[in-house]
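Note sheet for the following structure.
Since every read-out is calculated from the coordinates, none of them should be taken as a lab result. For clarity, every value in this text was computed on a predicted model and none was experimentally measured. Here the Cβ is made from the backbone with ideal geometry for all residues, glycine too, and neighbour counts use every protein chain on show.
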Amino acid sequence: MDKLPINSNKEFLFPTIATAIYIDEANPMPRNWEKEEKMKKLFSIFLVLVLFFALPVAVSATQKTLIVVSKPDAAMQFQSVYGPLYGYAVLGDLAWSNAKPTVATWTHGSWPEITGATWISTADKVEDGETDTWRWFNIKMILPCTAYNITNGMVTVTSDNAEEFYFNDALIWTDGEVQVDYYDNAEWRTVLTHSVTAQAGVNTLDFVVRNYAPYYPDRYGSYSGGTYDKNPAGLIFKATVDYELPEIVWQPPLTNDSFELKDGTTMPFKFKLYTQAGDLIIDQMNIYMKIFGPSDGGIGSEVAAFWPGEGGDFLRFDLYEFYYIGNFHTKDYGLTEGATYTAVVYDGCTDDVLGTYTFVVSAGKGNRGNKN
Ligand SMILES: [Ca+2]
Ligand SMILES: [Ca+2]
């Protein structure tokens, strides 16, 4: 492996970078974990104050933004990590073995921050600082299945020390040397932002991160205090994407002025899906509907669920009228007359609420008071 030359005063001026960088900061080596912890606590208080005054600003009533940041995920629901390995392996290689939860890792005071994101790794402190190690971070970024006009996908990332970044299995960028002999030019400092094209439903972010083993003395002439075991490793990122959700437009008989839902009848809950621009959506079956009640001040408990499908008990799409329909057989549910109920339509991927319809159950079994 090629090594960098080190000059006598322990400073090294990279040919392609205009500023001098202390060589021992190229791969940050804390000399005292505990002292660094105290400094970080002070910085945290400062950061909280900064965040307090940096409240988000709403941009539009219909445009939504999904933000995913690196964070500990004990349940491995959305974020997990594989490794460390002592050699490079491609995504999905059996050498990676089993996934582990991402954990907040020890952070070097010089590492960049990304607002809202946490430096994560396989452990609080690196397991083996003397040898190059590789970790694979696997992240799920889940948009609603009904999301459309998906734009402005951006991923901001850095790692200690180098990373490959894949989005939906395609390599987007490599910062530093992940697969070949490394040239340590402090890539942990470079916070890069990449454009990505996200899709409705599940998107995956994969980062293969290499921690460079130290090979040089620090500015005091020692090798990280005489040992190689203090060599932090980690990843920090923030991913954002803008999208819109469709609008529910309820159909007759629900929208009739005289509408009342009579107990004992079968009521057709019909709705159409429109984009915010007013275009009809006719090919979206990743939705479902539930009916809740009676209202007890809140929405009440679940009475009935309509999953997408073809049978009479399912949420169906009518190919002639272009509406979705769930037939609510009220006699099957022992409803409370005079009480308030709510129908809710959800996105099938994220359970986002797309629309609601609130109604009162009236007496008069056996007769439907409305024509559709
Ligand atoms: Ca970087
Ligand atoms: Ca490192």
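Structure notes:
- Each residue in Asp257, Asp332, Asp242 was given a count of other beta-carbon atoms within 10 angstrom of its own, and listing them fewest first yields Asp257, Asp332, Asp242.
- Summary of packing: across the peptides 265-271, 97-103, the per-residue average of other C-beta atoms within 10 Å ranks them, highest first, as 265-271, 97-103.
- Applying 1/(1 + (r/R0)^6) with r as the Cβ-Cβ distance of Ala363 and Glu310 and R0 = 41 angstrom yields a FRET efficiency of 0.75.
- Computed 3J(HN,Hα) for region 154-169, one whole-Hz value per residue from the Karplus formula 6.51 cos²θ - 1.76 cosθ + 1.60 where θ = phi - 60°, is 9, 10, 10, 8, 8, 8, 10, 10, 9, 9, 9, 10, 10, 10, 6, 6, glycine and proline marked x.
- Rough spin-label spacing in nm, given labels placed 7 Å along Cα→Cβ, for Thr190 and Thr356: 5.0 nm
- For Trp106, the residues whose amide H sits under 5 Å from its own are Lys125, ignoring neighbours fewer than 5 places away on the same chain, with H placed 1.01 Å from N.
- Other residues with beta-carbon under 12 Å from the beta-carbon of Val344 carry, at +1 per Lys or Arg and -1 per Asp or Glu, a net charge of -3.
- Theoretical gain in end-to-end length, Ile67 to Glu302 [0.36 nm per residue, Cα-Cα removed]: 81.6 nm
- R0 of 41 Å, Cβ-Cβ distance Gln199-Thr255: FRET efficiency to nearest 0.05: 0.75
- R0 of 25 Å, Cβ-Cβ distance Asn286-Ala170: FRET efficiency to nearest 0.05: 0.60
- At 1.567 mPa s and 4 °C, Stokes D of region 247-362 from Kirkwood alpha-carbon radius, µm² per second: 89 µm²/s
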